[in-house]
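Report on the structure given below.
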Amino acid sequence: MAAQLRFRLALVFSVFALLSLLARSSSQDLQIANAERRIDLTSHIIKVFLTLKVENTGASPASEILLAFPPTQVDHLAVVKAAATVGKRKKKTYQPLDVNPSEQPDSPNGTKYFSVSLLKPLGKGESVTLEVFYILTHSLEPFPVEISQSESQLVYYRDSAIILSPYAIKQQTTYIKTPGTKVESYTRVDPTIHAGKELKYGPYDEQPPYSYSPIVIHFENNNPFAVVEELVREVEISHWGSIQITEHYKLVHAGARHKGIFSRVEYQSRPSISGVSSFKHILARLPPRVHSVYYRDEIGNISSSHLRMDSRKSELEIEPRYPLFGGWKATFVIGYGVPLEDFLFESSDGRRYLNFTFGCPLVETVVDKLTVKVVLPEGSKEPSAVVPFPVDQHLETSYSYLDVVGRTVVVLEKKNVVPEHSIPFQVYYNFNPIFMLAEPFMLASVFFFFFMACVAYLHIDLSIRK
Amino acid sequence: MAASEDSNESKIRTVFGSVLSLFILILIGVLAFSIRLFSVIKYESVIHEFDPYFNYRVTQFLTKNGIYDFWNWFDDRTWYPLGRVIGGTVYPGLTLTAGSIWWLLNSLNIPLSVETVCVFTAPIFSANAAWATYLLTKEVKGTGAGLTAAALLAMVPSYISRSVAGSYDNEAVAIFALIFTFYLYIKTLNTGSLFYATLNAITYFYMVCSWGGYTFIINLIPMHVLLCIVTGRYSSRLYIAYAPLVVLGTLLAALVPVVGFNAVMTSEHFASFLVFIIIHVVALVYYIKGILSPKMFKVAVTLVVSVGLVVCCAVVAVLIALVASSPTKGWSGRSLSLLDPTYASKYIPIIASVSEHQPPTWPSYFMDINVLAFLVPAGIVACFLPLSDASSFVVLYIVTSVYFSGVMVRLMLVLAPAACILSGIALSEAFDVLTRSIKFQLPGLSENSQIDAGDTTSSSVVTQNDAAKTNKNEDTLKERPSRKTRKKEKEHVEKTSIKSQIKKRLLVLPLEASIAAIFLLVLLGAFYVVHCVWAAAEAYSAPSIVLTSHSHDGLHVFDDFREAYAWLRHNTEVDDKVASWWDYGYQTTAMANRTVIVDNNTWNNTHIATVGTAMSSPEKAAWEIFNSLDVKYVLVVFGGLVGYPSDDINKFLWMVRIGGGVFPHIREPDYLRDGQYRIDSQATPTMLNCLMYKLSYFRFVETDGKGFDRVRRTEIGKKYFKLTHFEEVFTTHHWMVRIYKLKPPKNRIRVKTKKSKSKASSTTSSKRSGKRKKNPWQ
């Protein structure tokens, strides 16, 4: 509680500081000369690429640029990344910039903001080109909500034809890419062009700040809406040479719910039209040199999986026990071991650290709640986790084979995880190798005392009568 | 031959022998454990079949909620809407055993799952059973016979069939408890020690906890006691072996909730009390005989007999009246079908419908006990040379168990240990005689070369070494226990040992004949080992919930059962009720976690008959029955597409029989054409319109255009039909499990509202009576 309060205070103060800094160069002084937005609706993970050319027309330099999102989108926002473009044409490079949620005092209709910190403040009359990339999850609403086996899945996507921004935008265009050519309906905000798999909104000129023009696109999307409601990844480090990973999945098909009958004969004989929105394969990308892979659920092994390995990656193709139709759920566990030397290193100050991938290994899935538990070996001290994005973390203790003091577990929790979060994180800890010998020593001494007791028993006469 | 040297040498021999037998025992334990792991290696570490799933579920509950909640557990997931008191109706031995193993491992921070512990409980207890067999046979005929019997039991196919890894059933621990109880009884009989008598009562308690087969013990031991008394072998040791067992054992047995007062009320236990009275009378007679002069004794006998007869008649009359007043004469159905093998098929179709309650065929004897069947007679003969209390017990054990195994296939399991013990004795004695005659004719051959000669094959090492060792240690072994026992026995044993030594000289076979006989016996043993390994690997390791088949393009796995159960588990509401034939009840509750109407604990015949009636009724009537039971899903097993023979269509006649037994409007002849059960175009209309037929073959014709059933090897009779009251909600990949949902009663309500509109003044009572008419099964 206290920590949270302090965090909030700090946030408020920083916002105030920011405001005082920006007091003069308020949003009105910045404007966007040109904006281009590309929305990719091909899968259920919506990727939006936004190119903004920002100009400073005010007097004072600006070091922050605000991105505005409607409140409905903020809840589904998984990732926001921004980069500044440096150089022209062929020598173009991207410099990643920090993006932080920020609050503004007079945000209309609960608009939420993210502020992009520029590397160097934008001076008067200067301009910068920003590439913003963000991911929305759970933003395709199936309609009709329930479909039968032979129907294909139609979804709504809601957004604004005009980019929501606290700055005036001189010229803007939005391209929306749909998975197929079949678009049932879309809101027209002239000029709007529908050609093939693409919808083009714009160009619109001279939009004042906070312009908003809601659009609804109703289109066919039969891509697997694979959502992992809860994923717990346990990474257990053994200094005897292996890291064991156990992943508990609760998978659900988050698309339009299946209604009525499921006919196997139709599913098997007419795969092209029957159950098009369902899926039965999922691909998991595992680290290279993975061994002892298993795939099971609470009632035993699931015999339908294939493992392909090469030197750079391993691919595990898994099939749930039954094809997943809309609303159907499945739970399963994937476990595997990887060699210790691939992931555990010693830092220059003598601490060990684990370097492991954070996100979910399944391809094209959203994880609503991801918990990563790093089980450190018994006797390790002072664990600290370094994760490149904000996560909740705390420590636990677990007991495994013949533990006495228990193992420290670093628990990292994050909500709304997408494949873009599959980047390495580190857990640093101190470990004395002598602890590795504790358990063999315990076993040896137990056997020693057992045999001693046997010898003693054989040489003691306990009978009352001599 | 200096006496000191000789004793020194024999001491070294004894130590060497006991260390060797210890190692052999450890190896036998390893063998017993590892031969049962074929199922884990070939398939996976998973619970097998039907009943083990229930035991597994109970164990899960026990480990999660603790022992007190376990005793009070009322299970509302089964026998809906009746439920079942699990704590009071289950033999808790197995569950408590696995639960304590799990608890112990977890308190040592060894995080094994409950499932793993359950899977490996049976192999662990098979090793224990092998060691118990060693102890028992050792009490009867010495170490050599003990080791041979233990090795035989470790891999007897009959026992393997019930105790492969994953076969988590009562029998797995019960056979160990059975043998160990017998061992302690014989041990008490041989030593006359109250300590062993108490232990015996405690193991008997464990046996009562574990398996309903404990009645075999409580009838066999009294029979043996009676036999000893009749043959004039009464001794105080017999009294100590028997009386505490009955008193303590009955008291302890009454503590088990599922037994309770049955331990004194039912006829299964009467024999033990009768013999308890007899042994006291005999003891009294012996006592009086000791203190009275022969003349006085005669007078006393006439007095007592005349008075005693009157009292006995009165008591017997009361007992008979009591017994006759109960409908089954105080015997439970299963016990009655043991005494009268035709009882079940006549009166209780539900017992008769279970394949393991059928009488076995001759090949199944060969399959399950193999060469032991030929060795047993030799063992019986060996038991009579000389006949002791212990060996007479073993003979009695084999005779009764042969009878019981002839009644029920399942009880082959009780026969297997007896067959192993007697075959062990036979083999050991045969090797004893043969090696001795070789030794006698080759005086130059030292013991070393004999041991070398024994190292021919791995299987022969054990047996030959045993034989050689028993031969060597014969005298010391015979003397050691005698030292501890009373003088009488000492004299007796010494006499017999001297006698046998004299006999040994005489029992000499020609050299060539004995070598050939040893070779043949080793061959026989090798054949047994090969057969056991084959049986363990091929015949008895299939978990039956996952099937495999070898085809030209490799191994094909049929995992349809778990596919269906997993689907039910994740995609139906938690409180939905699933109806299926009772075979799948345990699996549905354990794997799908859904409420079932009937399950493998067939305690309520009417309920099962209701489901049977529904399955054999036309669709509308079936819908009404199921709806009255709140059923939401109906699960049928159908093997017609892939040729899985034990599906519901093949079990269907039992549904008709059991259903017809309670609801007479279901008549078996309606489903048979000229006495033949068929589903092709010649089938009766009743058959082609019943629910089971429709649910099994719904849209089946669309798979190949003809509707060819691979199990029945025929085209189905009715190919195109629609379901009006059920809808298909799930069918597994190979069509082996099909799940249907009951359609909501839309049409009926509309009709009713119309009716009520037209007859606005109809009273509620008439409506109710109308409903009752429609559904006689409520």
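The conditions of being modelled with pLDDT of 85 or more and of a type in the set (Ser, Thr, Tyr) are met by B:THR731.
Scanning the range A:260-274 for residues that are β-branched (Val, Ile, Thr) and either free of Cβ contacts under 8 Å to residues at least 60 places away in the same chain or facing chain B (nearest Cβ under 7 Å) (or both) yields A:ILE261, A:VAL265. None of B:LEU251, B:LEU255 is under 30 Å from B:TRP603 (Cα atoms), at pLDDT 90 or above and outside any helix (DSSP H, G or I) except B:LEU255. Among the conditions (1) under 19 Å from the mean Cα position of the chain (by Cα); (2) closer than 30 Å to A:TYR156 by Cβ; (3) away from chain B (no Cβ under 14 Å); (4) crowded, with 17+ Cβ neighbours inside 10 Å, the only one that A:SER277 does not satisfy is (1). Residues being at pLDDT 85 or above, crowded, with 20+ Cβ neighbours inside 10 Å, more than 35 Å from the chain's Cα centre (by Cα) and not in a strand (DSSP E or B) are entirely absent from the range B:665-673.
Taking the range A:122-235 as the region of interest, the strands (runs of 3 or more DSSP E) fully inside it that hold 1 or more residues being small (Gly, Ala, Ser) are A:127-136, A:154-160, A:168-177, A:183-186, A:192-195, A:198-207. Does B:LEU555 satisfy the criteria of being among the aliphatic types (A, V, I, L, M) and out of contact with any Ser or Thr (no Cβ under 9 Å at 6 or more places or on another chain)? So B:LEU555 fails the test. Here's a check for you: in the range B:587-599, which residue that is surrounded by fewer than 24 Cβ atoms within 10 Å (Cβ to Cβ) and not polar (S, T, N, Q) is nearest to the chain's Cα centre (by Cα)? Per the criteria, the residue is B:ALA590.
If you go through the range B:1-43 and keep only what is part of a loop (DSSP other than H, G, I, E, B) and buried (at least 18 other Cβ atoms within 10 Å of the Cβ), you end up with just B:TYR43. Considering only the range B:699-740, state which residues are within 10 Å of another protein chain (Cβ to nearest Cβ) and surrounded by fewer than 19 Cβ atoms within 10 Å (Cβ to Cβ). The answer is B:VAL701, B:GLU702, B:THR703, B:LEU723, B:GLU727. Among the residues of the range B:223-249, just one is under 22 Å from the mean Cα position of the chain (by Cα) and either buried (at least 22 other Cβ atoms within 10 Å of the Cβ) or free of Cβ contacts under 8 Å to residues at least 60 places away in the same chain (or both), namely B:GLY249. Residue count for the range A:346-355 under the criterion of being buried (at least 16 other Cβ atoms within 10 Å of the Cβ), of a type outside the set (A, V, I, L, M) and in a strand (DSSP E or B): the result is 2.
When B:SER100 is tested against the conditions (1) surrounded by fewer than 15 Cβ atoms within 10 Å (Cβ to Cβ); (2) modelled with pLDDT of 90 or more; (3) within 14 Å of chain A (Cβ to nearest Cβ), the lone failure is (3).
Select the strands (runs of 3 or more DSSP E) contained entirely in the range B:543-650, then report the ones holding at least 2 residues which are under 18 Å from B:MET692 (Cβ atoms), more than 11 Å from chain A (Cβ to nearest Cβ) and touching a residue at least 24 places away in the same chain (Cβ under 8 Å).
Answer list for the range B:543-650: B:577-579, B:631-637.
Of all residues in the range A:303-331, those satisfying the criterion of being under 23 Å from the mean Cα position of the chain (by Cα) and more than 9 Å from every other protein chain (Cβ to nearest Cβ) are A:ARG312, A:LYS313, A:SER314, A:GLU315, A:LEU316, A:GLU317, A:ILE318, A:GLU319, A:LEU324, A:GLY326. Of all residues in the range B:139-168, those satisfying the criterion of being more than 17 Å from the chain's Cα centre (by Cα) and surrounded by fewer than 24 Cβ atoms within 10 Å (Cβ to Cβ) are B:GLY142, B:THR143. All of A:GLY406, A:GLY359 fail the test of being at pLDDT below 90 and either among the hydroxyl-bearing types (Ser, Thr, Tyr) or over 30 Å from A:THR137 (Cα atoms) (or both), apart from A:GLY406. Picking from residues in the range B:688-734 that are over 36 Å from the mean Cα position of the chain (by Cα) and of a type in the set (A, V, I, L, M), the one that is farthest from A:SER269 (Cα to Cα) is B:LEU688.
Which of the residues that make up the range B:157-180 are part of a helix (DSSP H, G or I) and β-branched (Val, Ile, Thr)? Lay out the reasoning, then the answer.
Going residue by residue through the range B:157-180, those that are part of a helix (DSSP H, G or I) are B:157-163, B:170-180.
If the condition is that a residue be part of a helix (DSSP H, G or I) and β-branched (Val, Ile, Thr), then B:ILE160, B:VAL173, B:ILE175, B:ILE179 are the ones that fit.
Among the residues of the range A:221-230, none qualifies, meaning not one is in contact with a Phe, Trp or Tyr (Cβ under 7 Å, 6 or more places away or on another chain), surrounded by 20 or more Cβ atoms within 10 Å (Cβ to Cβ), within 18 Å of A:LEU154 (Cβ to Cβ) and of a type in the set (Gly, Ala, Ser). Exactly one condition in (1) within 20 Å of B:PHE626 (Cα to Cα); (2) at pLDDT below 85 is not met by B:GLY705; state its number. The failed condition is (1).
The values are calculated or read from the model by the stated rules, or taken from the named source; none is laboratory data. Since the model is a prediction, treat every value here as computed from it, not as a measurement. Backbone-built Cβ (ideal geometry, glycine too); neighbour counts: all protein chains shown.
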